[in-house]
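Report on the following structure.
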């Protein structure tokens, strides 16, 4: 069991490193609060339901001292998790293992007054449909 936990931890950390390198971001001209409202509105405007909003920035700021760090990574950071029944069905009919990418996420970050909206870059092929959806939502939220 301990070995399984170690393998799972390494896999999770490796995936996180890849996602960090493969993020697609656009600047947002406004406050963090305005950006999160714009993202929420853009997701709902596509007829989608937000399953969960992860307040990662709050968690990192709250727990820094507990893990021995004084580094402030973000002033604020939220991740919106949601799915599209239509797009998910299309990409999973093409390859059922595309389930690993669901739910989809759009993040909003603020660092030193620089607000960004983004999402991870997905593999080429059927997942291009998901990326198109996410790029449309991000563009709408950013006012592009």
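Computed values, structure above
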read-out: 222 nm mean residue ellipticity, helices alone, for the chain (DSSP H n ≥ 4; -39,500 (n - 2.57); rounded to 500); value: -15000 deg cm²/dmol
read-out: Estimated inter-spin distance, residue 44 and residue 70, nm [label 7 Å along Cα→Cβ]; value: 4.2
read-out: The stretch 23-142: relative contact order as a whole-number percent, Cα under 8 Å and 6+ apart; value: 37
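Read the figures in this text as sums done on the coordinates, not as results from a lab. A quick note: this is a predicted structure, and the numbers were derived from the prediction, not measured. Don't worry about glycine lacking a Cβ; one is built from the backbone with ideal geometry, like all the others, and counts go over all protein chains shown.
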